[in-house]
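Data first, discussion second: the structure below is written as structure tokens.
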Amino acid sequence: MRRFIVAGNWKMNKTVEDAKTLAREVVDQVAGVENVDVVLCPTYTSLSAVNEVVKGTSVGLGGQNMHWEAEGAYTGEISPAMLLTTGCQYVILGHSERRTYFGETDATVNQRFRAAVAAGLTPIVCVGETLEERQSEVTEQVVRRQVSGAFESVESGDAGVSIVAYEPVWAIGTGLTATPEQAEEVHAIIRDELSKLYGEGLAGKIRIQYGGSVKPGNAADLFSQPNIDGGLIGGAALDAESFAGIVKAAG
Ligand code: 13P
């Protein structure tokens, strides 16, 4: 039985003060929800401050990206140890915005993935097709390639505790949500690809979140699908009540 996980990806939003306020509201509003892992992923500048709010609570903390090197001349980048020392347990990797705007590839996602698990961080690896790819009916190939690319040379022990987020690019921030059936179809493909890599038993343990215009009103239907194990939430995570509503839909 996989435990649900709902994570808020705050993207490039919220100053430190606003981030602390939002984190406090989320902690209050999800208190009492016991069977869902809840994670907040603020910007780097707010990680320590949000950690002060969430530590000692059931709410976890994650980064939005991470470099694979331990240190060095990589202006603008953050290392695994830096995330760990701010209190992070999780890190989002390969988000489509990183792939589209910052040149991330399956190969660099894999480097980040291997560095994250080596450091003891839990990666949330994002995969998903563009609208053009969906319309050209190559969703399955694209997603299988992204999954096998991300997990390349990752040991089964590390793979088993990692998380995949299926985020169809056409559904991110557009208000267009994949229907529960459309999402489930791709989640089943992702699990099948993980089975090919690690066997059915281990693949059955890996949690696969859905992301893309999840709202309190559509979350329960998405989360009722057999291979959907929670959500990675963008816009709706910037409002505590909406985010908590989504967490409760998983609970
Ligand atoms: P939205 O929920 O705003 O569509 O964003 C989804 C997302 O990209 C989460 O990582």
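Do me a favour and compute the ellipsoid semi-axes for the range 16-62 from its Cα gyration tensor, root of five times each eigenvalue, largest one first, whole Å.
Working through the eigenvalues yields semi-axes of 18, 11, 8 Å.
Which whole-percent values make up P(r) of the range 176-219 when all C-alpha to C-alpha distances are grouped in 10 Å steps starting at zero?
27, 45, 24, 4
Treat the count of other C-beta atoms within 10 Å as a stand-in for reagent exposure and order 133, 152, 241 from fewest to most.
Listed from fewest to most nearby Cβ atoms, that is 241, 152, 133.
Give me the base-10 log of I(q)/I(0) for the range 56-100 at each q in 0.13, 0.17, 0.24 Å⁻¹, Debye formula, one uniform scatterer per Cα, rounded to two decimals.
So the normalised log intensities are -0.32, -0.52, -0.89.
Note down the Stokes-Einstein diffusion coefficient of the chain in µm²/s, whole number, using a Kirkwood radius over alpha carbon pairs, 4 °C, and 1.567 mPa s.
Answer, rounded: 73 µm²/s.
Mind counting lysine pairs for me in the chain? Cα separation below 29 Å, and the two need to be 8 or more apart along the chain or on different chains.
So the count works out to 18.
Report the rotationally averaged projected area of the range 1-101 based on its alpha-carbon convex hull, in square nanometres.
That works out to 7.3 nm².
Need the full-extension length gain, residue 107 to residue 156, defined as separation in residues times 0.36 nm minus the C-alpha distance. One decimal, nm.
15.8 nm
Among 127, 33, rank each residue by its count of other Cβ atoms within 10 Å, from fewest to most, as a rough exposure measure.
So the residues, fewest neighbours to most, are 33, 127.
For residue 17 and residue 137, calculate 0.36 nm times their separation in residues minus their Cα-Cα distance, and state this gained length in nm to one decimal.
38.7 nm
With a ≥ b ≥ c the root eigenvalues of the C-alpha gyration tensor of the range 117-191, is it rounded (a/c under 1.5), prolate (a/b larger than b/c) or oblate?
Here the range 117-191 falls in the prolate category.
Rounded to the nearest 0.05, what FRET efficiency is calculated for residue 75 and residue 35 with R0 set to 35 Å and r the Cβ-Cβ distance?
E between residue 75 and residue 35, to the nearest 0.05, is 0.25.
When 1/r is averaged over all different Cα pairs and the result inverted, which Kirkwood radius in Å belongs to the range 33-177?
About 16.0 Å, per the Kirkwood formula over Cα pairs.
Since every read-out is calculated from the coordinates, none of them should be taken as a lab result. Everything quoted here is computed from the prediction, not taken from an experiment. As a convention, Cβ positions derive from the backbone with ideal geometry for all residues, glycine included, and neighbour counts pool all protein chains shown.
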